[in-house]
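Taking it in order: structure first as structure tokens, then the write-up.
The values are calculated or read from the model by the stated rules, or taken from the named source; none is laboratory data. Here the structure is a predicted model, which is why all the values come from computation and not from measurement. Cβ sites come from the backbone with ideal geometry, for glycine too, and all protein chains shown count toward neighbours. What goes into the accessible areas is simple: the full protein's heavy atoms, side chains included, and nothing from ligands, DNA or RNA. Shrake-Rupley method; radii C 1.70, N 1.55, O 1.52, S 1.80 Å.
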Amino acid sequence: SNINDRSCAKVIGGYDFINNDQNPADDNGHGTHVAGIIASANITYRGIAPDASIVAIKSLNNNGEGTLASVVNGINWCVDNSTIFNITIISMSFGTSTLFSNYCDNVDPLTAAAIDAAIAKNISVIAAAGNDGSITGIASPACIKNATAVGWTNKDDTINTDSNRNSITDLLAPGSGIASTKKGGGTESNSGTSMSTPHVSAAFALIHQYFKLTENRVIMPNETQRYLNNTGKQISDTGGSGLTFSRINIFAAVKS
């Protein structure tokens, strides 16, 4: 469905900060693929959290590029409208070309403040580490302390050599050859931390839903991340960082 004709019941709201209107149609294709990984209800290409609703924020142009301001505006919109749309997760599959070996809040204070405001509203913020193959640095906004930074595993549970990862990378998820929704209809396969990030976002959504249904309790972002860290498959990085990461296992997290 095309959001232009409002025929997609999945997309319950949103905003376009590139064209400054209330029609955040995807004219690039990347966002459509990412959204499908989270929430596609297709029988064959089902998303990880197929009952999730989507709020579409367009902060990047048709080339997939944007400014810090458009990203901050997008996060702040979610914070301001979180109650109306029951926003619990912000999923960000984009990042800077500059990489950071440690938390970058002081370098990027506006993004950090927006993410901190989201966390204060109990919105989890999930961000892609990037695909430069670095074992020391990850992109912003993944390097913001309150963001959950996600790396990329292959289907055999090895870390993809193109995945950025370092000591502040929080979780890993599958990102190789992921088939999902395509702009204009149908499906396509893509790879990268852009694909692993929505796997984690959807995992957060499912854990949220689980606690709501079983205990009628709202779970905190750091708590959700901890469950996924503690129960995930431990993957040792053979690519030189010497670090061990947790590849999410949603069923194990819920079972725990």
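Remarks
- Look at the alpha carbon pairs under 8 Å that are at least 6 residues apart: their mean separation over the length of the range 211-256 gives a relative contact order of 32 percent.
- Distant-in-sequence amide contacts of Ala41, defined by a placed amide H-H separation under 5 Å and a gap of 5 or more residues or a different chain, comprise Gly47.
- Solvent-accessible surface (1.4 Å probe) assigned to Val218 amounts to roughly 80 Å².
- When Leu68, Leu171, Leu213, Leu206 are compared by accessible area at a 1.4 angstrom probe, the order from most to least is Leu213, Leu68, Leu206, Leu171.
- Per residue, the range 48-117 exposes 50 Å² of solvent-accessible protein surface, assessed with a 1.4 angstrom probe and all protein chains in place.
- Trp152 contributes about 20 Å² of solvent-accessible surface, heavy atoms of the protein only, 1.4 Å probe.
- Carbon-plus-sulfur accessible fraction, the chain (probe radius 1.4 Å, protein heavy atoms only): 49%.
- 5 angstrom amide H check on Phe100, placed H, neighbours 5+ away: Ile138, Ala139
- Ordered from largest to smallest accessible area (heavy atoms of protein chains, 1.4 Å probe), the residues Ile115, Ile178 come out as Ile178, Ile115.
- For Thr44, neighbours were defined as the other residues whose beta-carbon sits under 15 Å from its Cβ, and their charges (Lys and Arg +1, Asp and Glu -1) total +1.
- Long hydrophobic helices in the chain: the complete DSSP H runs spanning 20 Å or more by Cα along their own axis with mean Kyte-Doolittle hydropathy of at least 0.0 are 193-215.
- For the chain, excluding the exposed loop sites themselves (trypsin sites (Lys or Arg not before Pro), DSSP loop, at most 16 other Cβ atoms within 10 Å), the longest remaining stretch covers 47-120.
- Relative contact order (%) - the chain, alpha-carbon pairs under 8 angstrom, separation at least six: 17
- In the context of the full set of protein chains, the range 191-256 has a per residue accessible area of 48 Å² (1.4 Å probe).
- For the range 106-190, the alpha carbon convex hull comes to 124 Å³ per residue, rounded to a whole number.
- By the beta carbon rule, with partners counted only under 4.7 Å, the chain holds these lone Cys residues: Cys8, Cys78.
- For Val125, the residues 5 or more places off, or on other chains, whose built amide H falls under 5 Å of its own are Ile90, Thr148.
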